[in-house]
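Provided herewith is a single structure, encoded as structure tokens, for subsequent inquiry.
Values quoted throughout were computed directly from the atomic coordinates according to the rules given, and no laboratory measurement underlies them. Because the structure is a prediction, the values reported are computed rather than measured. So basically every Cβ, Gly included, is an ideal-geometry build from the backbone, and we count neighbours across all protein chains shown.
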Amino acid sequence: MSLVLIAEQVLNGLQFGIMLFLMAAGLTLIFGVMGLINLAHGSLYMVGAFCAAAVAGATGSFLLGLVAALAGAALAGALVEIVVIRRLYAKDHLDQVLATFALILIFSEGTRWLFGSFPLYLNVPEYLSGPVTLPGGIEYPVYRLTLIVIGLVVALGLFLLIGKTRIGVQIRAGENDREMIAALGIDIGRLYTIVFALGAALAGLAGALVGAIQSVQVGMGEPVLILAFVVIVIGGIGSIKGTLIGALLVGLTQTLGGIFLPELMKIFMAPSAATSVGASLASMAIYVLMAAVLIVRPTGLFGARA
Amino acid sequence: MTREGIVNALVLVCLVLVPGWAFYAGETFTITLATRVVILALAAVGLNIALGLGGLVSLGHAVFFGLGGYTMGILAYHVQAYEPLFEWPFLFEGTKSMPAIWLAAVVLSALTAFVIGLLCLRTSGAYFIMITLAFGQMFYFFSISWSAYGGEDGLSIYVRNGFPGLNTLDPIQFYGLCFCVLVVVLWFASRLNRSRFGLALNAARQSPERVEAVGLRPFHLRLTAFVISGAVTGLAGALFADLNRFVSPAMFSWQMSGEIMILVILGGVGRLYGPVVGAIVFVALEHVLGDLSDYWHIYLGLLLLTVVLFVRGGLIGAVTGRRAAHD
């Protein structure tokens, strides 16, 4: 186990975490502002990946694919918000869970109907493929490094958007007191649609970016959705800063746990048993992390309210 | 008799007459479908105790369903493979007897529900939904990576487990057994509903502060409800595994949790027979729509949306036009 390998795994963990952040940021904004639990967020991730794969396949341009992912997911998000989600704000969590679960069924089967059950492939463009040598002699894929950079840039953009712009002020005000900002003359319905579309676009972007590493298929969004839930529970629902920290924690735990726990177990038991026990523990590690955080802080690391 | 009482009685009569007819007509498949209905209804009755009575929106009940399933799978597997489950402190070869398996499933699910409840009930609202979901995933991934019991492929049990005095391989006898279990649990749930505990739990859902003010502890009430709820769903899991003679990680999946919850909502949250009606409608839809189209989930999704957005109190609510008795 060399230092280079460890450094590579840390980078992988960062890359995974930053993609989770894109997904979880939308989820936490939507919950923070509208008080809505959106299980269908994973479907928007999938929509983004499919838009990117379809457009990149037709035009041959990866960048156009990304633009399509952003636009397609934002559009799907806005549409769903106007047709269905809008009617759910006043309802309790149970109804929200059910209705958005129903949306998952509709999105997944609809996509299967349009594109079939076979996975699509989204190729990494020529200029981003191949490895790059980092300081210290670490060989690392350019594309994954690009994902980290894009993710960090988007995260910075999001912090600026929330912290410095007019719409950001409205979003923060919406998190604190919905009735009050409606009374102050802000079109709350429009704000909700914008926030939802923004969250959807982030999810779609994540889907398209990850889609080039993995295959693009129906049901790809749900495993990520659940990890995103773990992220926002750890970070504290509604907090963007908490989400970023939670996402990096989960990404690193997941990636490093998969590598190091089997090795660690080998100290205590026979190699074959160690591999299987280590793999079991690694797959559960992030949930153990979440349980631990909630025992110490029931509203997450940066959560203000229950 | 109230209108809801009449609907409930009709549902029970249906559950006797339809399999009875199927038995005389030789429609074995219908009996199997009815058994599926009864077992899924049992799982949902379990969830309804936490959800309807306690207001605990658990999106992780597949944990208990899967635990029940794996209890049956593991106990029966060791008999099937002639490998004792453990040899110390005494030799235990596993068991193929349903009552023993049920007891084990109920105890294990209840213990697990106690531990999970202890952790999860520290949170509420959205956090509770997400953390129960995450616990479900934890068990799901664990079952996938646990290669000793089939891992991703699951475990097949070739011969259905036995019940004293019955031939459980005969579909109608197995149906009768499952139906009796459901009726007993429904009776238990209705007693629970009206007991002092049930009233206190109801109150804790509606107004925790007042319950605390009269000297009760909402946390203890909720934890007890969660344990009972988990135990019932665990029992359903053991039966479900026996119906299919197969257990797999799919029983732990979050889609399973979602499905159990759909059954409750479709029928009507907090209604005694809501889960039963939900299970009948769900299995019927699965069967009818599944025949019509490969993409039947779209129609299921649309139907669910309609029920959530426009029908108050689920299907039973739509028929009786009254709010659930405890509201």
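Measure nothing but the geometry: give the 0 to 90° angle between the long axis through the Cα atoms of A:142-164 and the longest principal axis through the Cα atoms of chain A, rounded to 10°.
30 degrees
For helix A:221-235, what angle does its Cα long axis make with the longest principal axis of chain A, in degrees from 0 to 90 and rounded to 10?
Here the helix axis deviates by roughly 80 degrees.
Sticking with this one: Expressed in whole Å with the largest first, what are the equivalent ellipsoid semi-axes of the protein assembly as shown derived from the C-alpha gyration tensor as the square root of 5 times each eigenvalue?
40, 31, 24
Restricting to Cα pairs below 8 Å that are 6+ residues apart, what does the relative contact order work out to for chain B? Please round to a whole percent.
Dividing the mean separation by the residue count of chain B yields 32 percent.
Can you work out the PRE-style zone for B:E93? Point 7 Å along Cα to Cβ, and I want the residues of the stretch B:57-77 with backbone N under 16 Å.
Taking a point 7 Å out along Cα→Cβ of B:E93, the residues of the stretch B:57-77 whose backbone N falls under 16 Å are B:75-77.
How far is the Cα center of the stretch A:249-282 from the Cα center of the stretch A:207-232, in Å?
Value for the Cα centre distance between the two parts: 23 Å.
Could you name the aspartates and glutamates whose alpha carbon sits less than 14 Å from that of A:K91, not counting residues in the same chain fewer than 8 places away?
Here the aspartates and glutamates satisfying the reach criterion relative to A:K91 do not exist.
Which of rounded, prolate or oblate describes the stretch A:10-218 when judged by the alpha-carbon gyration tensor and an a/c cut-off of 1.5?
oblate
Need the list of lysines near A:K241 for cross-linking: C-alpha distance under 25 angstrom, and skip anything on the same chain fewer than eight residues off.
The reachable lysines, counting only those whose Cα sits under 25 Å from A:K241, are A:K164.
Return the whole-Å distance between the Cα centroid of the stretch B:212-273 and the Cα centroid of the stretch B:81-115.
21 Å
Another question, if that's okay. Compute the relative contact order of the stretch A:10-218 as a whole-number percentage, counting only Cα pairs closer than 8 Å that sit 6 or more residues apart in sequence. Walk me through the numbers on the way to the answer.
Values: 282 pairs, mean separation 92.3, N = 209.
Worked out over the stretch A:10-218, it gives 44 percent.
When all alpha-carbon pairs of the stretch B:1-59 are counted, what percent fall beyond 18 Å?
53 percent
On average, how many beta carbons from a partner chain sit within 10 Å of the beta carbon of a residue in A:288-301?
On the way: counts 1, 0, 6, 7, 1, 0, 8, 3, 0, 1, 8, 4, 2, 0.
Taking the mean over all residues of the peptide, I get 3.
Right, here's the next one. What FRET efficiency, computed as 1/(1 + (r/R0)^6) with R0 = 22 Å and r the Cβ-Cβ distance, is obtained for B:T306 and B:I6, rounded to the nearest 0.05?
0.35
Mind jotting down the distance between the C-alpha centroids of the stretch B:134-209 and the stretch A:128-170, whole Å?
Between the Cα centre of the stretch A:128-170 and that of the stretch B:134-209, the gap is 47 Å.
Determine the shielding of peptide B:297-303 by partner chains: average, over its residues, the number of Cβ atoms on other chains within 10 angstrom of each Cβ.
Averaged over the peptide's residues, the number is 6.
Also, quick follow-up: Which net charge results when you count Lys and Arg as +1 and Asp and Glu as -1 among the other residues whose beta-carbon is under 13 Å from that of A:T133?
It works out to a net charge of -2.
Just to compare against my own numbers: the Cα pair-distance distribution for chain B, 10 Å bins, whole % per bin, please.
The distribution over chain B is 6, 26, 35, 24, 8, 1, given as percents.
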